[in-house]
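The structure appears right after this line, and notes come after that.
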Amino acid sequence: MVFPSIPYGDTIPLFFNPYMNDFRRYAVIVSCLVASAVSILAEQHLEFIWGHQTTRCTYLSPLSYTGPGYGLSYEWHHSAWRDKTAGMQAHAQFDYGYLLSPAKNSRMYDLTFRIDWGVERLWRTVSGFNWAIGATLGADGGVIYLPRNGNNPAQALMWAGGTLTARGGYDRIKLCGKPLRISESIEIPSIGCFFCPAYGETYYEIYLGNHNGLAHFGWWGNRPQVRSRLRADWQLGRYALTLGFDYRFQGLECNGITTRLAQCSGVIGICF
């Protein structure tokens with residue numbers, strides 16, 4: 001199709017040109033949104049996590065399984081106001097555990113994903129210290145899979161709710177003439193709802209219609225969680241090399257079921 005040319009100096013904006021088809025119009029909208037989103041990202045972290053994980057889920061087994069745990073994490077922070085006293089934050093993380101029983105004769109697999117978005121209040125000082133407190137809303141889900149259990153081999157993990165966050169750092173350090181920033185962040189999921197079947201209840205029974213008592217109110221008492229990360233960001237030109245230490249703990253006490261997941265990990269990534 002040939003589009004008629006628009007005379008030079010025509011006052012009709014290109015977006016409202018009646019000859020622009022819907023596809024091109026939507027492409028313009030998407031491009032503008034993507035460009036705006038990228039431009040507001042003040043700080044981003046993309047990180048790979050690896051370490052040692054311990055998982056115990058009495059719904060599947062009374063034993064604690066241990067082994068390597070891996071993860072991929074993305075995080076961004078943006079100052080929303082000119083005076084940089086308030087901002088937005090978002091987190092997304094994928095984790096995978098490849099675990100063995102104490103006798104090394106049974107394997108367990110742990111797969112989880114989480115995503116959060118929220119706001120935070122920022123403080124900065126002339127001495128180089130900065131800190132922030134905030135809150136996020138988000139959800140996480142996954143599965144713990146034990147192939148050895150033929151009748152009931154998996155436990156689903158689902159949570160949605162609010163999380164309290166805090167972070168702080170110091171950025172007046174030099175290493176080989178390059179800026180080095182040390183920071184610590186902590187996240188504590190505090191209130192929400194989660195999924196938990198009754199002890200011994202199979203997912204086949206749930207599939208057949210037994211849906212009573214599956215959703216539960218969650219707080220620190222029955223679903224304690226904490227995530228903490230210590231980072232060192234070494235600025236190398238436009239990007240910074242990130243090295244750090246990560247700790248996460250997730251628990252569940254409900255319907256006679258106890259679930260415990262703890263992982264200590266090293267972190268490597270980039271900040272841009």
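Some observations on this one:
- Check on Asn151, of a type outside the set (D, E, K, R) and open to solvent by less than 60 Å² (accessible area, probe 1.4 Å): no
- Qualifying residue in the range 242-260 (condition: in contact (Cβ under 8 Å) with a residue 24 or more places away in the chain, surrounded by 15 or more Cβ atoms within 10 Å (Cβ to Cβ) and among the aliphatic types (A, V, I, L, M)): yes
- Selection from the range 122-164 of residues that are touching a Pro at 6+ places or on another chain (Cβ under 6 Å) and β-branched (Val, Ile, Thr): Thr163
- Only one of the numbered conditions (1) polar (S, T, N, Q); (2) over 21 Å from Glu75 (Cβ atoms); (3) in a strand (DSSP E or B) is violated by Thr112, and that is (2).
- His216 vs. criteria out of contact with any His (no Cβ under 9 Å at 6 or more places or on another chain), open to solvent by less than 40 Å² (accessible area, probe 1.4 Å) and not in a helix (DSSP H, G or I): yes
- Sole residue being outside any strand (DSSP E or B) and farther than 19 Å from Gly218 by Cβ, chosen from Asn149, Asn130: Asn149
- When Thr202 is tested against (1) touching a Ser or Thr at 6+ places or on another chain (Cβ under 6 Å); (2) without any contact (Cβ under 8 Å) to a residue 60 or more places away in the chain; (3) open to solvent by less than 70 Å² (accessible area, probe 1.4 Å), only condition (1) is not met.
- Within the range 99-125, being of a type outside the set (A, V, I, L, M) and either under 12 Å from the mean Cα position of the chain (by Cα) or open to solvent by less than 80 Å² (accessible area, probe 1.4 Å) (or both) holds for Ser101, Ser106, Tyr109, Asp110, Thr112, Phe113, Arg114, Asp116, Trp117, Gly118, Glu120, Thr125.
The values are calculated or read from the model by the stated rules, or taken from the named source; none is laboratory data. Only a predicted model underlies this, so the values are computations on that prediction, with no experimental measurement involved. No Cβ is skipped: glycine too gets one built from the backbone with ideal geometry, and neighbour counts run over all protein chains shown. All accessible areas refer to the heavy atoms of the entire protein, side chains included, with ligands and DNA or RNA removed. Shrake-Rupley method; radii C 1.70, N 1.55, O 1.52, S 1.80 Å.
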